[in-house]
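The structure under discussion appears below in the form of structure tokens.
The values are calculated or read from the model by the stated rules, or taken from the named source; none is laboratory data. Just so we're clear, the structure is a prediction, and the values are computed from it rather than from any experiment. Virtual Cβ from ideal backbone geometry, glycine too; neighbours counted across all protein chains shown.
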Amino acid sequence: MTLIFEKSIKDRRGVSLPQSDVPVKAIVPTALRRKTTAQFPEVSELDVVRHFTKLSQKNFSVDTQFYPLGSCTMKYNPRFTEKVAALSGFAELHPLLPQLRHGERFTQGALELLYGLEQLLCEITGMKNFTMQPLAGAHGELTGIMMIAAYHKAKGNKKKYIIVPDTAHGTNPATAIIAGYETVSIPTGPQGVMDLERLKKALTPEVAGMMLTCPDTLGIFNSDIDKIAQMVHDVDGLMYYDGANLNAILGRCRPGDIGFDVIHLNTHKTFTTPHGGGGPGAGPVGVSEKLVKYLPISRVVKNSDGQFVLNYAYPDSIGYVASFYGNFGLLVRAYAYILLLGKEGLIETSNHAVLNANYIMQSLKKFYHLPYPRTCMHECVLSAVHQAQRGVHAIDIAKYLIDQDVHPPTVYFPLTVKEAMMIEPTETESKQTIDEFIKLMIEVNRVSIENPEQFKDLPRRMPISRPDEVKAARDLNTNFFGRALDGPSAQNKTAVHS
Ligand SMILES: *Cc1c(COP(=O)(O)O)cnc(C)c1O
């Protein structure tokens, strides 16, 4: 695949517009203006269309392949929600349109949607209020921990630590540290859940709070959760629920009822908004009563006359965490999805997510080691330790699946399981697709017995086989394709992925 810069032919154009006869009013200060013209590739419109269409065909995507990537939840993005988000009243709305006075006709619908989504998410999670601003799960975490910090600061609490279990998603400890805390890691006990004795020892008055994923990244629901919340509250710590993935508990239990004070949701995991290619995400954050006054501004409120307005008058707010109102287009999709399914539909969603994961776990446990043999939630964690004894590691299994047009499960996570393979089929896959996957995994095991050597040079069908991933991250080489590039892209270091 050539780069679009390599297709550049001097003076070739996509569209030629006549010279503008409108005087250009300079609003960018001279010092900030570029001195030379931007060096874009010079290509025709057809070159561009073909280039990007071909690139898109090289993608693994939910639209083309089974994608059981545990924790990341690659579920199908329904076309219905795409259609709603494309309605011109949403898609063409400018964020600077005045909210009231002469502009009210334009923004009332958008504000009502933000308000309505907040109500729905409060109902689903049992929280008091939500902000829609954060742009991803990790960003939501930071927003939540900043509110926890504001709470302690206002009370004069001297707090230093955030507790995270050893199965936590990597963003949890990273968030706590960026927010200025130190982390204390609590190990997982033999049942696959947090060791309560160790927790007791760690709970000093300096604990600001705990970040918990439940069901955790082993796919296990922690039935001590209310006890844990009580213990943390007893030292005036706050409970943070990592709700990136709510697929197992949607409509069944509410973190707010269990004692959580903050939660973030990933609309791009639970509420079917797209998240391919590092694209925009949305991580709405909900809070309990204790933290409402710290929520980011602006907030959408409903006046007594039924008008929706943006309110900035919250003196204790932590301020903005993103420009305007978050990734609005994704919020539209999430809202449409929730309304489309309704309460019963959401419950069905979690039923199927959990059933599908358990079906895979039960079908494969004869062939792969199952480190925690209990009913799982929306994802199951298997281990390739048996296969590894034959020299076939989780990474080799992943490469085998790629060649068979199946996206590999998440591998080597959670970190507490050797040769981990974390499988999340999601609720949208049919029994036929899941059966094909099970058959394929059984075949992988058979090949690992009969011909372990065969894995070494997989994948064979992909444009790139096995890049040295550590080197690719540490020592980026933009001349990866062996060709020097002209133009600005040569300075733009790009990561090379398989
Ligand atoms: C995906 C995920 C996150 C991070 O969400 P991003 O949108 O990728 O920042 C945090 N916690 C858990 C459990 C996740 O699965």
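Scan region 151-176 for residues that are in a helix (DSSP H, G or I) and over 27 Å from the mean Cα position of the chain (by Cα) and jot them down.
Within region 151-176, His152, Lys153, Ala154, Lys155 meet the criteria.
Might you check whether a residue that is in the same structural domain as Cys253 (by TED's automatic domain parsing), aliphatic (A, V, I, L, M) and surrounded by 13 or more Cβ atoms within 10 Å (Cβ to Cβ) occurs anywhere in region 104-111?
yes
Please tell me if Val232 is over 23 Å from Ala282 (Cα atoms), away from the ligand (no atom under 15 Å from the Cβ), modelled with pLDDT under 95 and buried (at least 20 other Cβ atoms within 10 Å of the Cβ).
no
Suppose we keep only residues that are of a type in the set (Val, Ile, Thr) and in contact with a helix residue (DSSP H, G or I) (Cβ under 6 Å, 6 or more places away or on another chain) within region 270-291. Which one would you say is surrounded by the most Cβ atoms within 10 Å (Cβ to Cβ)?
Result: Val285.
Pairs needed: first member in region 200-213, part of a loop (DSSP other than H, G, I, E, B); second member anywhere, within 14 Å of the ligand (Cβ to nearest atom); C-beta distance under 7 Å; at least 6 residues apart or different chains.
These pairs meet every condition: Thr213/Ala168; Thr213/His169; Thr213/Asp242.
For region 321-346, name all the residues that are surrounded by fewer than 16 Cβ atoms within 10 Å (Cβ to Cβ) and under 21 Å from the mean Cα position of the chain (by Cα).
Passing the criteria: Ser323, Phe324.
Could we say that Val24 is of a type outside the set (Phe, Trp, Tyr), exposed (fewer than 10 other Cβ atoms within 10 Å of the Cβ) and part of a loop (DSSP other than H, G, I, E, B) here?
Yes, satisfied.
How many residues are in contact with a helix residue (DSSP H, G or I) (Cβ under 7 Å, 6 or more places away or on another chain) and surrounded by 11 or more Cβ atoms within 10 Å (Cβ to Cβ) when one looks only at region 4-21?
Looking only at that region, the number is 4.
Can you tell me which residues in region 292-313 are among the aromatic types (Phe, Trp, Tyr) and in contact with a helix residue (DSSP H, G or I) (Cβ under 6 Å, 6 or more places away or on another chain)?
Tyr294, Phe308
Just to be sure, is Val444 modelled with pLDDT of 95 or more, among the hydrophobic types (A, V, I, L, M, F, W, C) and under 27 Å from Ala168 (Cα atoms)?
For Val444, the condition - modelled with pLDDT of 95 or more, among the hydrophobic types (A, V, I, L, M, F, W, C) and under 27 Å from Ala168 (Cα atoms) - is not met.
Has region 177-189 got at least one residue that is part of a helix (DSSP H, G or I) and either in contact (Cβ under 8 Å) with a residue 12 or more places away in the chain or not assigned by TED's automatic domain parsing to the domain that holds Asn311 (or both)?
Within region 177-189, one or more residues are part of a helix (DSSP H, G or I) and either in contact (Cβ under 8 Å) with a residue 12 or more places away in the chain or not assigned by TED's automatic domain parsing to the domain that holds Asn311 (or both).
Of all the helices (runs of 4 or more DSSP H) wholly in region 390-484, which have at least 1 residues that are touching a Lys or Arg at 6+ places or on another chain (Cβ under 6 Å)?
By residue number, 394-403, 431-450.
Modelled with pLDDT of 95 or more, assigned to a loop (DSSP other than H, G, I, E, B) and of a type outside the set (Ser, Thr, Tyr): which single residue out of Pro274, Pro296 fits that description?
Pro296 is the lone residue from the list that is modelled with pLDDT of 95 or more, assigned to a loop (DSSP other than H, G, I, E, B) and of a type outside the set (Ser, Thr, Tyr).
Let's see how each residue does on (1) in contact (Cβ under 8 Å) with a residue 60 or more places away in the chain; (2) hydroxyl-bearing (Ser, Thr, Tyr); (3) more than 29 Å from Gly192 (Cα to Cα); (4) touching a Leu at 6+ places or on another chain (Cβ under 9 Å):
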{"site": "Glu379", "(1), (2), (3), (4)": "yes, no, no, yes"}
{"site": "Leu382", "(1), (2), (3), (4)": "no, no, no, yes"}
{"site": "Asp403", "(1), (2), (3), (4)": "no, no, yes, yes"}
{"site": "Val406", "(1), (2), (3), (4)": "yes, no, no, yes"}
{"site": "Glu424", "(1), (2), (3), (4)": "yes, no, no, yes"}
{"site": "Glu429", "(1), (2), (3), (4)": "yes, no, no, no"}
{"site": "Asp435", "(1), (2), (3), (4)": "no, no, no, no"}
{"site": "Gln454", "(1), (2), (3), (4)": "no, no, yes, no"}
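Suppose we filter Ile178, Ile162, Ile220, Ile225 for residues that are surrounded by fewer than 16 Cβ atoms within 10 Å (Cβ to Cβ), within 16 Å of the ligand (Cβ to nearest atom) and aliphatic (A, V, I, L, M); which single one remains?
Exactly one residue qualifies, and that residue is Ile178.
Tell me, yes or no, whether region 41-54 has at least one residue that is surrounded by 11 or more Cβ atoms within 10 Å (Cβ to Cβ), closer than 30 Å to Glu436 by Cα and either under 35 Å from the mean Cα position of the chain (by Cα) or not assigned by TED's automatic domain parsing to the domain that holds Thr273 (or both).
yes
Scanning for something aliphatic (A, V, I, L, M), modelled with pLDDT of 95 or more and surrounded by 12 or more Cβ atoms within 10 Å (Cβ to Cβ), does region 424-436 turn up at least one residue?
Within region 424-436, one or more residues are aliphatic (A, V, I, L, M), modelled with pLDDT of 95 or more and surrounded by 12 or more Cβ atoms within 10 Å (Cβ to Cβ).
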